[in-house]
Amino acid sequence: MVQTDFEQAKKDVELLSERPSNETLLLLYALYKQATEGDNNNTPPENPFDFVSKAKYEAWKEQIGKSKDDAMLEYINLVQKLKN
């Protein structure tokens, strides 16, 4: 059930009428990565001027310890909120 709703939310996010804020996009990214890959155990980006990669890395790192199911549920709820 959660997996099915998550798959639908992944499709729905592409169809949003308005582009979410950068902060919301980072949260969507982080929740998606946590839901699909689990905790971020990657090394941080080496280029200090690669701000996008650094922001994505940090956003995902903030999700450490959250279960994949919890991350999926948060992702689904956030997409639902953005749709309304």
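With 10 Å bins from zero, work out the P(r) of the chain over every alpha carbon pair and list the percent per bin.
Each 10 Å bin holds this share of Cα pairs: 19, 47, 28, 6, 0.
For the chain, what is the relative contact order in percent, using Cα pairs closer than 8 Å and at least 6 residues apart in sequence?
Answer for the chain is 45 percent.
Rounded to the nearest 10 degrees, what's the angle between the helix 22-37 long axis and the longest principal axis of the chain, both from Cα atoms, 0 to 90?
Around 90 degrees separate the two axes.
So what is the calculated 222 nm ellipticity per residue for the chain, using -39500 (n - 2.57) for each DSSP H run with n of 4 or more, over all residues, to the nearest 500 deg cm²/dmol?
Calculated mean residue ellipticity at 222 nm is -21500 deg cm²/dmol.
What pairs from LYS11/LYS66; LYS10/LYS83; LYS56/LYS81 go past 19 Å between their alpha carbons?
LYS11/LYS66; LYS56/LYS81
Just so you know, all these numbers are worked out from the coordinates, no wet-lab data involved. Quick caveat, the model's predicted, so the values are computed rather than measured.
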